[in-house]
Amino acid sequence: MHATWNNTYTRLPEHMFARQQPVPVAAPSGLVLNTALADELGIFFGEDWPEFIAGNQVPMGADPIAQAYAGHQFGHWNPQLGDGRAVLLGELTGAFGHVDVQLKGAGRTPWSRGGDGRAWYGPVLREYLISESMHALGIPTTRALAAAATGESILREPGPLPGAVICRTASSHIRVGTFQYFASREDIPALEALLDHAIARHYPQAQNADGFLGQAVAAQARLIAQWMGVGFIHGVMNTDNSHVGGLTIDYGPCAFMDDFVPTKVFSSIDRQGRYGYSNQPNLAAWNMAQLATALLPLAENTEATIARYTEIVKGFGDIFEAEYAKVFAAKLGLSTSSQSSALIQQFLKMMGQTGADFTQSFRALGSDEVARHIGEHPEFVSWHEKWLVSADLTRLKQINPALIPRNHLVEAMIDQSVAGNMQMFHVLHAALQTPFITPPNPEFMEPPKAHEVVQATFCGT
Ligand code: AMP
Ligand code: MG
């Protein structure tokens, strides 16, 4: 594995991370390699690429570390999380900018606590498939570069499962929880270094902490509006899974909605419905308030700074509303106006009341098909007449995807992969690369049949 490495995080104060080599595994073998992304990043992989993804070899120029971070998990403060099963191999530079390369499932680190530092096929292939699908949908996300099997079994609740490692790339792995870690320790030098680093990486135009916070809030608001537009539920929006650069990160028990239920929750660990679909904007704003709090120790005048940060974080609501209106107006082929907002609300209401499929209902707009989904709603005909007057039907199919990674397909893919058959993974993954065209396998577009519905998704750690 050859690439142009330029590791900047390891030049930060030494206590912000731990040097950590990936722990070698018994028998690496390749599961999937994203050659297009490798080419884009100027990475040359030889035939022995699984050795590097599984962590048995470390590329020349890499400088592997585990990063420290803390976080609020389901609202509860945890002062010490950190990379417990991931290592940041290093960072690449090139025409594409600056990109982290991380292995997840690479063995124990100083932050593993009771965990084994490993992952199995389920979460690895799930993250690979869903993150690449998000990218194809045009939503900011970490990317999947490769996955390798370890040849080892790991023990999870259902029993032994085949181990795997995912290699992902991202513009950084800096989380709200990374700032919280140093803020809670009143470690001002580290906090300053982290802020400078995050500004340089994500918002070079930001002059100071205020500018950084404003940009992070805006990026987060745009991200959540985009999630909402495809019916995505992250499932674990803890501050350690909230990226300061506005990327989708840490695909745990995430899921896309089939039938539209605004309060929908999938995650088996989210018993109170904290991270349900329609709560996501509130939770993201709460996470941004935690970021603001974590920046406070850097302020000279705390009281004045609290007042400014309060305004910046409050701004989340307005930015989100505007972005949401833009995303959904575009989905209906409308320009944003008070009239488009009303049409959006009515469309969502009809979908919710008829139990219509979110993706298919939007995709059907502009043809008679739409009546098949929500036509039985008593207000449909009058809504449709009103909508047609102002809608531009030409771009609907470029904005409303035909394909999302539906839960029942993802679960079936995982079952088959664990049984040794990667075919469904490859076919589904190929189809998800072009989500705006009708796939060669039209059954991938269909919502689950009653017996296929997935009720809960698991963290699968
Ligand atoms: P996550 O649920 O992936 O956001 O992880 C939350 C925290 O638990 C992070 O600090 C992870 O590194 C840690 N963690 C999750 N799974 C494992 C594991 N199998 N071994 C060690 N640490 C883990
Ligand atoms: Mg996480």
Find the relative contact order for segment 251-291 and round it to a whole percent, using C-alpha pairs within less than 8 Å whose residues are 6+ positions apart. 30
Give me the number: length gained by fully extending residue 353 to residue 376, i.e. 0.36 nm times residue separation minus the C-alpha to C-alpha distance, one decimal in nm. 7.3 nm
Accessible solvent surface per residue of segment 334-394, calculated while the other protein chains remain in place, 1.4 angstrom probe, Å²: 50
Dipole magnitude (debye, nearest 20) for segment 315-456, charges at Cβ of Lys, Arg, Asp, Glu: 240
Between segment 424-441 and segment 149-211, what is the C-alpha centre distance in whole Å? 31
Loop trypsin sites (Lys or Arg not before Pro), segment 355-461 (other Cβ atoms within 10 Å of the site Cβ: 12 or fewer; DSSP): 395, 449
Given axes a ≥ b ≥ c from the Cα gyration tensor, I'd like to know whether segment 31-133 is rounded (a/c under 1.5), prolate (a/b larger than b/c) or oblate. prolate
With Cβ to Cβ distances under 14 Å as the rule, what net charge do the other residues near residue 217 carry (K, R +1; D, E -1)? -2
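Excluding ligands, DNA and RNA, what is the solvent-accessible area per residue of segment 9-170 at a probe of 1.4 Å, expressed in Å²?
With all protein chains present, segment 9-170 gives 36 Å² per residue.
Just the number, please: carbon plus sulfur as a percent of the accessible area of segment 9-170, 1.4 Å probe, no ligands or DNA/RNA counted. If you can, show how the numbers build up before the last one.
Numbers: 3130 of 5830 Å².
The computed percentage sits at 54.
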Per residue of segment 351-358, in order, report the coupling 6.51 cos²θ - 1.76 cosθ + 1.60 (Karplus, θ = phi - 60°) as ³J(HN,Hα) in whole Hz, putting x for Gly and Pro. 4, x, 6, 9, x, 6, 6, 4
When the accessible area of segment 233-377 is split by element with a 1.4 Å probe, what percent falls to carbon and sulfur? 49
Sort the chain into rounded, prolate or oblate with this rule: let a ≥ b ≥ c be the square roots of the eigenvalues of the Cα gyration tensor; rounded if a/c is under 1.5, and if a/c is not under 1.5, prolate when a/b is larger than b/c, oblate otherwise. oblate
Any idea what the dipole of the chain comes to, in debye rounded to 20, about its Cα centre with Lys/Arg Cβ at +1 and Asp/Glu Cβ at -1? 320
Three-way shape call for segment 266-378 based on the alpha-carbon gyration tensor, with the a/c threshold at 1.5: prolate
Distance from a point 7 Å along Cα→Cβ of residue 434 to each backbone N in segment 401-420: keep the residues under 18 Å and list them by number. 401-405
So, in nm, how far is label residue 207 from label residue 451 when the simple model puts each one 7 Å beyond its Cα toward the Cβ? 6.6
Among the GluC sites (Glu not before Pro) in segment 1-47, which ones are in a DSSP loop with at most 16 other Cβ atoms within 10 Å of the Cβ? Mind listing them? 47
Potential extension, residue 44-residue 113 segment - 0.36 nm per residue separation minus Cα distance: 21.3 nm
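Taking chymotrypsin sites (Phe, Trp or Tyr not before Pro) that fall in a DSSP loop and have at most 16 other Cβ atoms within 10 Å as cut points, what is the longest piece of the chain between them? Write down the numbers at each step before the final one.
On the way: sites that count: 74, 96, 436.
Counting at most 16 other Cβ atoms within 10 Å as exposed, the longest clean stretch of the chain is 97-435.
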Considering only 131, 364, 193, whose Cα is most displaced toward the positive end of the charge dipole of the chain, charges sitting on Cβ of Lys, Arg (+1) and Asp, Glu (-1)? 364
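The values are calculated or read from the model by the stated rules, or taken from the named source; none is laboratory data. Bear in mind the structure is a predicted one, so any value in this text is a computation, not a measurement. We place every Cβ from the backbone using ideal geometry, glycine too, and count neighbours over all the protein chains shown. Ligands, DNA and RNA are stripped out before the accessible areas are found, and what is left, the full protein with its side chains, is counted by its heavy atoms. Shrake-Rupley method; radii C 1.70, N 1.55, O 1.52, S 1.80 Å.
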